[in-house]
Amino acid sequence: MLAEEREMRANYEHYFLRKYRYLYWLVVVDNHFEDIYSFFLYTRKQRTKLTRSYELVHFARDPVLYKEMLAALRRMSKLRIEMRDTRYLIHPGTDITHDTVHGHHG
């Protein structure tokens, strides 16, 4: 087993708490800015908007290693996997100008 795969498994087990009424999904990012691939576990409690992300692993942009790691991720988890590419960034919507929870004030 690769060191990257061991790190991914350990972080997955640490952050995937299987809490009641929480949504979990995986995100794989092809990061062209840092020339890496990153795998994340995302979580959000149902009926809330706050989403948390936890990095499971990141590694150099090597297509062979990427295929191996993606296959390992699919073997270890049945969660939905969302793919992202930093070449195609999308603005999430309107800018937040007032958010008292996180300290954004006009």
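Where a number appears in this text, it was derived from the coordinates with a stated rule and is not lab data. What you see is a predicted model; the values in this text were computed from it and never measured. Using ideal geometry, Cβ is built from the backbone for each residue, glycine included, and neighbour counts are taken over all protein chains shown.
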Just how far, in whole angstrom, is the stretch 7-22 from the stretch 23-61 if you go by their alpha carbon centroids? 13 Å
How much of the DSSP bridge set in the chain is antiparallel, in percent, rounded to the nearest 5? 80 percent
Please give the length that would be gained between residue 30 and residue 44 if that part of the chain were fully extended, namely 0.36 nm times their separation in residues minus their C-alpha to C-alpha distance (nm, one decimal). 2.8 nm
Quick check on the chain: what does the Kirkwood estimate of hydrodynamic radius come out to from the alpha carbon pairs, in Å? 15.4 Å
Sort 19-29, 76-86, 4-14 by packing, meaning the average of other beta carbons within 10 Å per residue, with the highest value first. 4-14, 19-29, 76-86
